[in-house]
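Q: Have a look at this one.
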Amino acid sequence: MPRAAEAAADAVVTSNIAVDHEMVDRAADAPSVRRTLAGLHRYRHLLRNLVLKDLKLKYRGSVIGFLWSLANPILMAAIYTLAFTRFLDQQTENFVFYLMLGLLAWTFFATSASMSTGAIVDNGGLVKSVSFPRAILPTATVLFNLTQYMLSVLVILPVMLAWYHVTPSGPMLLFPVFVALQVIFTVGVAMILATGAAFLRDVRHFVEIALTLLFWMTPIVYMAHKVPEPYRQAILLSPVSPYVTAYHDIFYFQRWPDAGIWATTVGYAIIAAAVGLWLIVRHEDRFAEQV
């Protein structure tokens, strides 16, 4: 995207901070996890503006705008349906429905993780000129991708349910709960990666390789229970697996997730958020030197 457009958008965001919030003496008000959490609420308007800025820049000059975000999942669903039902002769019942549930959730995580490596580095102007909780930057990246994810779900999920004659059931009511847990987990990972990339640019390249490996360790294009027993433990090493499994349980298998899924999804969310907050709070005063 044009640098002039980015600079103009950053200027608008910066001016909004200056108008809506008084400047903070960071020397007298040392950052802490508690203050950062309070700051995420206090600067919620900045968080909203950053998300809106990214959305506007992505679709700037586009004729149909946000509708482009719906074209990709629709095209993916059509291609996978054709490929697995006509060419690959996949015998698993409603396999494309199973595939899309995992693929959409994975895309949200993977895109958020990849973009978060530039959340701080690519916003040097804001980091150097304005005082605000740096945790807002990776959080805004995740919320931007969450918007894309939810738009895709709103289009694909009803179509898949109708196409495969899936009757709505009680476990489906848990979808918002697991989305919220995945968002918390993804925000934590984004903070870790954003902090790491600010000090070591190689993190970006590492993330690209790690995501490729994690994709195949996550039960998206295969079913976990069909994996040979000696290799099933490797699936658990992918932190995205319990979230994808939860979506499969509530929509594809139409069953309540077991205690293990609840424990791992909640545990990963808490651990990632805690580590991410701790890292970004500990190092945020040094970010301006790095960017």
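A short reminder: the numbers here are calculations on the coordinates, not readings from a lab. It should be emphasised that the depicted structure is a prediction, and the values quoted were computed from it without experimental measurement. Backbone-built Cβ (ideal geometry, glycine too); neighbour counts: all protein chains shown.
Q: Please report the spacing between the Cα centers of segment 105-122 and segment 211-283 in Å, no decimals.
A: Here the two parts' Cα centres lie 18 Å apart.
Q: List, largest first, the extents of the alpha carbons of segment 51-290 along their principal axes, each in whole Å.
A: Its Cα atoms span 56, 48, 33 Å along the three principal axes.
Q: Normalized C-alpha radius of gyration of segment 138-244, against 2.2 N^0.38 Å?
A: Values: Rg = 16.5 Å, N = 107, 2.2 N^0.38 = 13.0 Å.
The reported ratio for this selection is 1.27.
Q: Where does the charge balance sit around Tyr149 when Lys and Arg score +1, Asp and Glu -1, over other residues with C-beta under 15 Å from its C-beta?
A: Combined, the nearby Lys, Arg, Asp and Glu give 0.
Q: Still on this structure, I have one more. Could you list the trypsin sites (Lys or Arg not before Pro) in segment 199-242 that lie in coil according to DSSP, counting only those with at most 14 other Cβ atoms within 10 Å of their Cβ?
A: Sparse-neighbourhood loop trypsin sites (Lys or Arg not before Pro): Arg201.
Q: Next question. Under the rule a/c < 1.5 gives rounded, and otherwise a/b versus b/c splits prolate from oblate, where does segment 80-160 land using the Cα gyration tensor?
A: Here segment 80-160 falls in the prolate category.
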